[in-house]
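Read the structure below first, then the notes.
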Amino acid sequence: MVFRTLLRLTGSREHLDDLAQDVFLRLYRALPTFRGEALITTYLYRIAVNVAQDEWKRRRRDRNTHISLSDDASDWEDRLPHPDRNAEQQIEEREFQQSVEEQLQRLSHIERTILVLYHQEERSYEQIAYALGMPIGTIRTHLHRGRKKLREALQQPQTQHRTQERSATCTTNR
């Protein structure tokens, strides 16, 4: 739960173990002050969101990163195809997932956080509102806006791709 939430919120596997460790360390330190008014999972989500926000701030400070040619771009396990679908289906699915992740990262931090908690972590409005310290109406507003932005961003490349295919078909038929 914590790893998945942090991965979705930060959009990167980099430092994921350290971030998760930080979440559990903060939880351990905060347990004596835990009042029990909410579920411990709600408390844990709030801590995970705080750690993700700290990571966003750190990334903003460290924008000038250096890339080495010897660094692996990703694990080989992520590149290996799964035998149950053909290559074209896998590529399309991977591109769509990548597109969703890219567009999710372009949303505001609060919209991304609420979308992840609601859709991927299956938290209720009440749990999200409590974890983020916001009214339920504000949660619903950010969720609606985030969905709308995500949907529009994902539909835009598909429309452009179809237009390019049609124009390519028209030029080859002449």
Rg/Rh (Cα only; Kirkwood hydrodynamic radius) as it applies to region 91-140: 1.09
In nm, to one decimal, how far is the R26 label point from the E101 one, both placed 7 Å along Cα→Cβ? 2.3 nm
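R0 = 22 Å: FRET efficiency of H144 with T41, Cβ-based, nearest 0.05?
0.35
Restrict the search to region 87-133; then list the GluC sites (Glu not before Pro) that DSSP places in a loop and that have at most 10 other Cβ atoms within 10 Å of their Cβ.
Answer by residue number: E122.
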From the phi angles alone, apply the Karplus equation (6.51, -1.76, 1.60; θ = phi - 60°) to region 9-22 and give each ³J(HN,Hα) in whole Hz, x where the residue is Gly or Pro. 6, 8, x, 8, 7, 4, 6, 4, 4, 5, 5, 5, 4, 4
Can you work out ³J(HN,Hα) from phi for every residue in region 108-119, in order, using Karplus 6.51 cos²θ - 1.76 cosθ + 1.60 and θ = phi - 60°, giving whole Hz and x for Gly and Pro? 5, 4, 6, 5, 4, 4, 5, 4, 5, 5, 7, 8
Would you calculate the separation in nanometres between label points at R94 and T33, each defined as 7 Å from the Cα along the Cα-to-beta-carbon direction? 4.6 nm
At R0 = 22 Å, FRET efficiency that the Cβ-Cβ distance of R58 and M134 yields, to 0.05: 0.40
Show me, for region 28-40, the HN-Hα J-couplings you get by feeding each phi into the Karplus relation (A = 6.51, B = -1.76, C = 1.60, θ = phi - 60°), rounded to Hz, glycine and proline as x. 4, 5, 8, 4, x, 9, 5, 8, x, 6, 10, 5, 5
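FYI, it's all coordinate maths here, none of it is from the lab. Remember, predicted model here, so these are calculated numbers, not experimental data. So basically every Cβ, Gly included, is an ideal-geometry build from the backbone, and we count neighbours across all protein chains shown.
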